[in-house]
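Enquirer: Quick one: structure below, then a few questions.
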Amino acid sequence: MLKSMTVRNIALIEELNVQFFDGLHVLTGETGAGKSIVVDSINLVLGERADRNLIRTGCEKATVEAIFDISDNRQIKDLLKTESLEADGGMMSVFREISMSDRNVCRVCGVIVQLNFLRQVTEILVDIHGQHEHQSLLDEHHHLAYLDAFGDETHQILLKDVNDQYEAWHEAGAKFNAIRRENAQRAQRQEFLESRVKDLKEAKPVAGEKEKLTNLRMRFADHEKIANALKAVYQNMTASEGTNLGVNALLRGAVEESQRIAEYDDRFKALAERLQSAFYEAEETALDVRALVDEEDYDEEKYEQVLARLDVYRRLEKRYGMEADTLCDYYEELSQELKTIQSMDETLKKAEAEYKQSLSEYRGAASKLSTSRKQVAGKFQAIIERQLNDLGMERTSFACVFTPHDSSGRQQPSPEGDDHVGFHISPNLGEPLKPLKRIASGGEMSRIMLAMKAAAADKRLIPTMIFDEIDTGISGRVAGVVAEKMDDIARHHQVICVSHLPQIAAMADHQYLVEKQVSGDRTITTLRELDYEERVDAVASLLGTQDLGGSSGKLHARNMVEAAQNRKKRD
């Protein structure tokens, strides 16, 4: 609910802070005192159009901040999460700033947000009934949800089932449409895939093969250089004739000479052993070199094959724009996609069957819900007519008019089912039913809206309700009934009401006086909560008693306040 509101520089308001509580709040004051300014401030923070004319003369900007307790409101908490916002200790701040420079700042939980998001949040929390603003019950888009709120637990289960079936249908439809789009392009795509798969299949790319071929090509290109180097190494190691003896021959001679003196000193013996080990290592190395010489056999045909295979890889890389080693994975991906496309007929038939089945299940659930809604509508109509009868509209007829369902199947499913419901009313006997929004009389409209809200008082649709002069065109006995209805609503909702009726003021749990005062050379609007005696005086003033000191007028006002409080205690 709304906990507090701070207003700065709105019209005649310089700065105003007001606390709100549970129950019925009534704002009273002389005509022109500024009650409408308070409502305008509430409208502004709820996201209504920003009018720069609201900014106090001489000021550059105006602000309104409201604090809401959302501790038990899961819907609001979930909505805040979509913007990564979190209320502080269950208290959510909503802030609006307008300026002469057309700068419009909206904040929720201290974070700047779009105006549309601010409206999304506040429309869940507050409903304002005035002459023009926030008349949600006049919008037929809201009538279905309003009617459903009167359904019992079984009806709510049907509602959930329809919503679940709608989600299943929507998901199946999205899948079916995606496959249909793919199928429409299948021939062209299949031809493309078959061409590439055939090309890659014939090429048979192997990961790592290009690198091996590149190395092999380099060896073939330098074959003569490699062969000559190996032969020279072998010759240098094994030559045994002439003056240029090889390494092995020289080492053999060194071993023989060192062995002749090995017995004279341990150091000579160790030298001989080391030389002998070096000779054996050189001898083995020479054998390895000999093997390499024998293996280094240039094969021109094999060389041509290597070059041809490398040309294949160069062509594939250029055509597909990727490295050779990734071509294997690409081939697998294309092959798998080709298999999927080739089996698309079966996939499409299966998706279509699932779509039709989900639509059938949705229609079945929607039909059950529609039957239940018509039963709920009958009870709801009787409730509203009783409420209107209490409010002095004894001959009024009220009806929930269902728009016939399009049986051709062209009607799109919705999360709420297939029904469209509009509230129609005939205030006068013998007159035809007309849509609620076409009712012209201000007094009738006020009573109809009050009847609607009173009937739904225990449904907890919107936590805070604000009535801006709901008493328009109401007087006499009906005024007392209106006050009782307002009290009934306030048992389930936080209610804030601007009124001229003494009956409503007497029924308040909290009464505020809106006044104009002169401070210096400026006029300002103030608002303060009245204590008990001040309330009696205010009610007496609304009754038209000129002399507040007169015992009869003040006594009547006191009796009205006490009677209202006693009613609250009895109920």
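Enquirer: I'm checking my understanding of the structure. Among residues of segment 342-363 that are without any contact (Cβ under 8 Å) to a residue 24 or more places away in the chain and small (Gly, Ala, Ser), which one is farthest from residue 171 (Cα to Cα)?
Expert: Top of the filtered list is 343.
Enquirer: To continue, here is another question. Looking at (1) among the hydroxyl-bearing types (Ser, Thr, Tyr); (2) at pLDDT below 80; (3) touching a Lys or Arg at 6+ places or on another chain (Cβ under 7 Å), which is the one condition that is false for residue 303?
Expert: That leaves (3) as the condition not met.
Enquirer: Quick one: residue 183 ticks every box in (1) buried (at least 16 other Cβ atoms within 10 Å of the Cβ); (2) more than 25 Å from the chain's Cα centre (by Cα); (3) at pLDDT 90 or above bar one, so which box is it?
Expert: Every listed condition holds for residue 183 apart from (3).
Enquirer: Would you be able to tell me the number of residues in segment 365-396 that are in contact (Cβ under 8 Å) with a residue 60 or more places away in the chain and either out of contact with any Lys or Arg (no Cβ under 6 Å at 6 or more places or on another chain) or among the acidic types (Asp, Glu) (or both)? Spell out the reasoning first.
Expert: Step one: list which residues in segment 365-396 are in contact (Cβ under 8 Å) with a residue 60 or more places away in the chain, which gives 365-366, 368-369, 372-373, 376-377, 379-380, 383-384, 387-388, 390-392.
Remaining after also requiring either out of contact with any Lys or Arg (no Cβ under 6 Å at 6 or more places or on another chain) or among the acidic types (Asp, Glu) (or both): 365-366, 368-369, 372-373, 376-377, 379-380, 383-384, 387-388, 390, 392.
The qualifying residues number 16.
Enquirer: I need the full set of residues from segment 180-198 which are in contact (Cβ under 8 Å) with a residue 40 or more places away in the chain and more than 20 Å from residue 362 (Cβ to Cβ), in order please.
Expert: If we filter segment 180-198 for residues that are in contact (Cβ under 8 Å) with a residue 40 or more places away in the chain, which is where we start, we get 180, 182-183, 186, 189-190, 193-194, 196-197.
Scanning segment 180-198 gives 182, 183, 186, 189, 190, 193, 194, 196, 197.
Enquirer: Within segment 17-36, is even one residue out of contact with any strand residue (DSSP E or B) (no Cβ under 8 Å at 6 or more places or on another chain) and either free of Cβ contacts under 8 Å to residues at least 40 places away in the same chain or β-branched (Val, Ile, Thr) (or both)?
Expert: Of segment 17-36, the ones out of contact with any strand residue (DSSP E or B) (no Cβ under 8 Å at 6 or more places or on another chain) are 31.
Keeping just the survivors that are either free of Cβ contacts under 8 Å to residues at least 40 places away in the same chain or β-branched (Val, Ile, Thr) (or both) gives 31.
Yes, segment 17-36 contains a residue that is out of contact with any strand residue (DSSP E or B) (no Cβ under 8 Å at 6 or more places or on another chain) and either free of Cβ contacts under 8 Å to residues at least 40 places away in the same chain or β-branched (Val, Ile, Thr) (or both).
Enquirer: State all residues of segment 151-165 that are buried (at least 17 other Cβ atoms within 10 Å of the Cβ) and either in contact with a Phe, Trp or Tyr (Cβ under 6 Å, 6 or more places away or on another chain) or in a loop (DSSP other than H, G, I, E, B) (or both); if no residue qualifies, say none.
Expert: If the condition is that a residue be buried (at least 17 other Cβ atoms within 10 Å of the Cβ) and either in contact with a Phe, Trp or Tyr (Cβ under 6 Å, 6 or more places away or on another chain) or in a loop (DSSP other than H, G, I, E, B) (or both), then 151, 165 are the ones that fit.
Enquirer: Of all residues being of a type in the set (Gly, Ala, Ser) and surrounded by 12 or more Cβ atoms within 10 Å (Cβ to Cβ) in segment 309-343, which is nearest to residue 214 (Cα to Cα)? Just the residue, please.
Expert: First, the residues of segment 309-343 that are of a type in the set (Gly, Ala, Ser): 321, 324, 335, 343.
In the following step, the residues that additionally are surrounded by 12 or more Cβ atoms within 10 Å (Cβ to Cβ) were identified as 324, 335.
Values: 324: 12, 335: 28 Å.
Of everything passing the filter in segment 309-343, 324 is nearest to residue 214 (Cα to Cα).
To keep it simple, each residue is scored yes or no on (1) in the same structural domain as residue 13 (by TED's automatic domain parsing); (2) part of a loop (DSSP other than H, G, I, E, B); (3) surrounded by fewer than 16 Cβ atoms within 10 Å (Cβ to Cβ).
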{"site": "32", "(1), (2), (3)": "yes, yes, yes"}
{"site": "50", "(1), (2), (3)": "yes, yes, no"}
{"site": "57", "(1), (2), (3)": "yes, yes, yes"}
{"site": "79", "(1), (2), (3)": "yes, no, no"}
{"site": "97", "(1), (2), (3)": "yes, no, no"}
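Enquirer: I'd like to check which strands (runs of 3 or more DSSP E) are fully inside segment 378-488 and have at least 2 residues that are within 22 Å of residue 28 (Cα to Cα) and not small (Gly, Ala, Ser).
Expert: Numbers: elements: 397-402, 421-426, 464-468.
Where strands (runs of 3 or more DSSP E) fall fully within segment 378-488 and carry at least 2 residues being within 22 Å of residue 28 (Cα to Cα) and not small (Gly, Ala, Ser), they are 464-468.
Enquirer: Take the residues in segment 457-510 that are in contact with a helix residue (DSSP H, G or I) (Cβ under 7 Å, 6 or more places away or on another chain) and of a type in the set (Gly, Ala, Ser), then tell me which one is nearest to residue 151 (Cα to Cα).
Expert: Of everything passing the filter in segment 457-510, 457 is nearest to residue 151 (Cα to Cα).
Enquirer: Taking the options 7, 26, name whichever one is surrounded by 23 or more Cβ atoms within 10 Å (Cβ to Cβ), in contact with a Leu (Cβ under 6 Å, 6 or more places away or on another chain), at pLDDT 95 or above and among the β-branched types (Val, Ile, Thr). Walk me through how you get there before you give the answer.
Expert: Working: 26 fails: in contact with a Leu (Cβ under 6 Å, 6 or more places away or on another chain).
The unique qualifying residue is 7.
Enquirer: Hey, another quick one. Exactly one of these conditions fails for residue 199: (1) within 32 Å of the chain's Cα centre (by Cα); (2) surrounded by 15 or more Cβ atoms within 10 Å (Cβ to Cβ); (3) within 22 Å of residue 338 (Cα to Cα). Give me its number.
Expert: (1)
Enquirer: Does any residue of segment 297-317 turn out to be assigned to a helix (DSSP H, G or I), under 36 Å from the mean Cα position of the chain (by Cα) and free of Cβ contacts under 8 Å to residues at least 12 places away in the same chain?
Expert: Checking segment 297-317: not a single residue is assigned to a helix (DSSP H, G or I), under 36 Å from the mean Cα position of the chain (by Cα) and free of Cβ contacts under 8 Å to residues at least 12 places away in the same chain.
Enquirer: Taking residue 239, is it among the hydrophobic types (A, V, I, L, M, F, W, C) and either modelled with pLDDT of 80 or more or surrounded by 15 or more Cβ atoms within 10 Å (Cβ to Cβ) (or both)? Let's see the steps before the verdict.
Expert: Values: among the hydrophobic types (A, V, I, L, M, F, W, C): yes; either modelled with pLDDT of 80 or more or surrounded by 15 or more Cβ atoms within 10 Å (Cβ to Cβ) (or both): yes.
So residue 239 passes the test.
Enquirer: Filter segment 321-352 down to the residues that are part of a loop (DSSP other than H, G, I, E, B) and of a type outside the set (Ser, Thr, Tyr), then identify the one that is nearest to residue 188 (Cα to Cα).
Expert: Taking segment 321-352 and keeping what is part of a loop (DSSP other than H, G, I, E, B), we get 321-323, 343.
Filter again for of a type outside the set (Ser, Thr, Tyr), leaving 321-323.
Values: 321: 21, 322: 23, 323: 26 Å.
Across segment 321-352, the extreme among qualifying residues is 321.
Enquirer: Can you name the condition, by its number, that residue 564 falls short on among (1) part of a strand (DSSP E or B); (2) closer than 24 Å to residue 2 by Cβ?
Expert: Residue 564 satisfies every listed condition except (1).
Enquirer: Exactly one condition in (1) within 48 Å of the chain's Cα centre (by Cα); (2) more than 17 Å from residue 33 (Cα to Cα); (3) modelled with pLDDT of 90 or more is false for residue 529; which is it?
Expert: The single condition residue 529 does not satisfy is (2).
Enquirer: Here is a follow-up. Could you say whether any residue in segment 443-466 is at pLDDT 80 or above and in contact with a Cys (Cβ under 8 Å, 6 or more places away or on another chain)?
Expert: The answer is yes; a qualifying residue exists.
The values are calculated or read from the model by the stated rules, or taken from the named source; none is laboratory data. Not measured: the values here are computed from a predicted model. So basically every Cβ, Gly included, is an ideal-geometry build from the backbone, and we count neighbours across all protein chains shown.
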